[in-house]
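**Q** Have a look at this one.
Only the coordinates and a few stated rules stand behind these numbers; no lab work does. As the structure is a computational prediction, the values presented were derived from the model and not from experiment. FYI the Cβ positions are ideal-geometry reconstructions off the backbone, even for glycines, and counts take in every protein chain you see.
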């Protein structure tokens, strides 16, 4: 009987990997660094995690979890409530609808897909901020953030891949 409880606890812990790594990515991405204007162009690690897990384990990272993580990020960062949640749910939905194209393809295709999602997420944020402020916001920070995310994507993707293979196989 005790073995059954430990097995269920082990499985529950393994099943929480996508959610917990996404929350960890959010917290790491929000850490302040002593770089000038870093907070404006910090790479969206949370978006990277949501992208990866929406492709490989959508059964363990649901849309409502992406929404909740986005709301939590907005509360912690002091950004407009719902902004990150909107971006994450839209990205999740987009990736989920195109999931069959990503599965079984090369890493280059996965990276290209993330590049499109990062640019799209940046565009959604830019439009939303421009609408909220009632004037066009300079797109420089959004472009820099998207480029940084695209360049850095292989490292978090490799980490998520290792976790996926070792814990969720």
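**Q** What does the helix-only formula give at 222 nm for the chain: each DSSP H stretch with n ≥ 4 adding -39500 (n - 2.57), the total divided by the residues, and the result rounded to the nearest 500 deg cm²/dmol?
**A** -24500 deg cm²/dmol
**Q** Of the peptides 137-146, 50-59, how do they stack up when ordered by the mean number of other Cβ atoms within 10 Å, highest first?
**A** 50-59, 137-146
**Q** Using a Förster distance of 45 angstrom, determine the FRET efficiency expected from the C-beta separation of residue 11 and residue 115, and round it to 0.05.
**A** The value I calculate is 0.85.
**Q** In whole Å, what is the distance between the alpha-carbon centres of region 2-74 and region 107-167?
**A** Answer, in whole Å: 15.
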